[in-house]
Amino acid sequence: MSRLKDRVAVITGGSQGIGAAYARSFTAEGAKVVIADVAPADNLIAEIEEVGGTAMFIETDVTNEAAVTKMATMAVDAFGRIDVLVNNAALWVNIPAKPILDIPKEEWDRVLDVNINGMFLCTKAVVPQMRAQGYGKIINISSGRALKGYTNLLHYDTSKGAVISFTRSIARELGDDGIRANTIAPGGIMTEAVLAHDVVRTHIAKGTATRAIKREQVPEDVVGACIFLASAESDFITGQVLAVDGGSAMN
Ligand SMILES: NC(=O)c1ccc[n+]([C@@H]2O[C@H](COP(=O)([O-])OP(=O)(O)OC[C@H]3O[C@@H](n4cnc5c(N)ncnc54)[C@H](O)[C@@H]3O)[C@@H](O)[C@H]2O)c1
């Protein structure tokens with residue numbers, strides 16, 4: 001398949017979990033992928049290359065503006081352009097669930113820093129290149145939690161709500177530059193990190209009952225939406241929120 005043939009995509013937080021699924025599926029669709037993550041992606045890159053795909057890893061902390069700017073420059077040096085940015089990196093599975101009065105300010109700041117400031121910095125870093133091309137796709141990853149309201153992860157839920165506002169405003173700001181921005185709001189997904197975490201896995205498994213499609217969600221359930229929003233098929237769609245959660249949140 002070649003819906004992303006010769007497209008260049010940066011995927012933040014692409015070393016594991018849903019980000020790794022985006023990387024696998026994007027390369028299978030012909031894209032050249034840059035994985036920008038604090039964690040290494042050696043096995044994933046080897047796996048992608050073994051089946052003929054093209055991907056490179058650039059160690060990047062999305063909260064570090066200099067590192068993010070360097071990553072964007074390296075991506076252009078390596079592949080000539082940046083067509084797609086998937087702002088996927090986030091802190092969440094290892095945040096201990098707790099009510100507002102127990103959330104230390106430092107923890108609140110750190111979650112917002114990675115989940116929102118990181119999105120801002122990565123978007124800022126790729127916009128000049130996308131603008132010069134007259135074309136770009138920004139896909140920001142929110143969460144079904146932002147659509148429904150939940151307890152005990154107020155910082156995370158706040159960050160994922162901000163993703164939606166950020167996307168709508170940046171979509172308007174960049175529309176005349178040929179750049180589209182959309183949000184994907186996945187439901188609770190059984191990633192390797194979730195499966196390794198008893199409390200989160202149990203919480204997500206219970207959420208299956210809220211869906212129209214009552215089965216557990218896996219990373220591959222989200223890749224179709226992400227490919228669609230990255231591809232030319234969605235060129236007249238911007239500022240939207242696409243919930244991919246088996247019909248749990250219905251707006
Ligand atoms: N898994 C779910 O149930 C679920 C549901 C809804 C939304 N989401 C969202 O989907 C995205 C991916 O989730 P996941 O479950 O695959 O997460 P994950 O924890 O498995 O992976 C997150 C990745 O982000 C990277 N990362 C963390 N901090 C970073 C930083 N400062 N700079 C660069 N990279 C950093 C990690 O190293 C990791 O590779 C996140 O935005 C998450 O909020 C996940």
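Under a model in which nothing but the beta-carbon of Lys, Arg (+1) and Asp, Glu (-1) is charged, the range 52-142 shows a dipole of about 340 debye around its Cα centre. Close amide-amide hydrogen proximity is noted between A55 and V33, each under 5 Å apart and 5 or more residues distant or on a separate chain (H modeled in the peptide plane; Pro and chain starts excluded).
Give the shape of the chain as rounded, prolate or oblate, defined through the alpha-carbon gyration tensor: a ≥ b ≥ c are the square roots of its eigenvalues, a/c under 1.5 means rounded, and otherwise the shape is prolate if a/b is larger than b/c and oblate if not. Because its axes are fairly even, with a/c under 1.5, the chain counts as rounded.
How high is the relative contact order of the chain, given as a whole-number percent (alpha carbon pairs under 8 Å, six or more residues apart)? Before the final figure, lay out the partial values.
Values: 482 pairs, mean separation 47.3, N = 251.
In percent, rounded to a whole number, it is 19.
Rounded to the nearest 20, the Cβ-based charge dipole of the range 123-168 about its Cα centre (Lys and Arg +1, Asp and Glu -1) stands at 100 debye.
Measuring r between the beta carbons of E107 and R81 and using R0 = 41 Å, the FRET efficiency lands at 0.60. Please name whichever of V93, V76, L4 sits farthest to the positive end of the charge dipole of the range 1-121, dipole taken about the Cα centre and charges placed at Cβ: Lys and Arg +1, Asp and Glu -1. Of the options given, the answer is L4.
Couplings 3J(HN,Hα) for the range 133-144, derived from phi with the Karplus relation 6.51 cos²θ - 1.76 cosθ + 1.60 (θ = phi - 60°), are 6, x, 6, x, 10, 10, 10, 9, 9, 9, 7, x Hz, where x marks Gly and Pro. Per-residue ellipticity at 222 nm, computed for the chain from helices alone with -39500 (n - 2.57) per DSSP H run of at least four residues, works out to -13500 deg cm²/dmol.
Pull out the extension gain between N152 and E47, defined as 0.36 nm times the separation in residues minus the alpha carbon to alpha carbon distance; nm, one decimal. Don't skip to the answer; put the middle values down first.
Details: separation 105, 0.36 × 105 = 37.80 nm, distance 3.71 nm.
The N152-E47 span can extend by a further 34.1 nm.
Think of a 1.4 Å ball rolled over the protein heavy atoms: the chain then has 46 Å² of accessible area per residue.
Of T63, T183, the order by accessible heavy-atom surface (1.4 Å probe, DNA, RNA and ligands excluded), from most exposed downward, is T63, T183.
Straight-distance candidates among the aspartates and glutamates for linking to K137, with alpha-carbon spacing under 16 Å and chain neighbours fewer than 8 residues away dropped: D6, E29, D83, E173, D176, D177, E233, D235.
Pull out a ≥ b ≥ c, the square roots of the eigenvalues of the alpha-carbon gyration tensor of the range 109-158, then state rounded if a/c is under 1.5, prolate if not and a/b is larger than b/c, and oblate in the remaining case. Oblate shape, in that a/c is at least 1.5 and b/c is the bigger or equal ratio. Taking the accessible area of the chain, probe 1.4 Å, and keeping the other protein chains in place, the carbon and sulfur fraction comes to 55%.
The values are calculated or read from the model by the stated rules, or taken from the named source; none is laboratory data. Here the structure is a predicted model, which is why all the values come from computation and not from measurement. Cβ coordinates were reconstructed from backbone atoms using ideal geometry, including for glycine residues, and neighbour counts include every protein chain displayed. When the accessible area is computed, the model is the full protein with side chains, heavy atoms only, and any ligands, DNA or RNA have been set aside. Shrake-Rupley method; radii C 1.70, N 1.55, O 1.52, S 1.80 Å.
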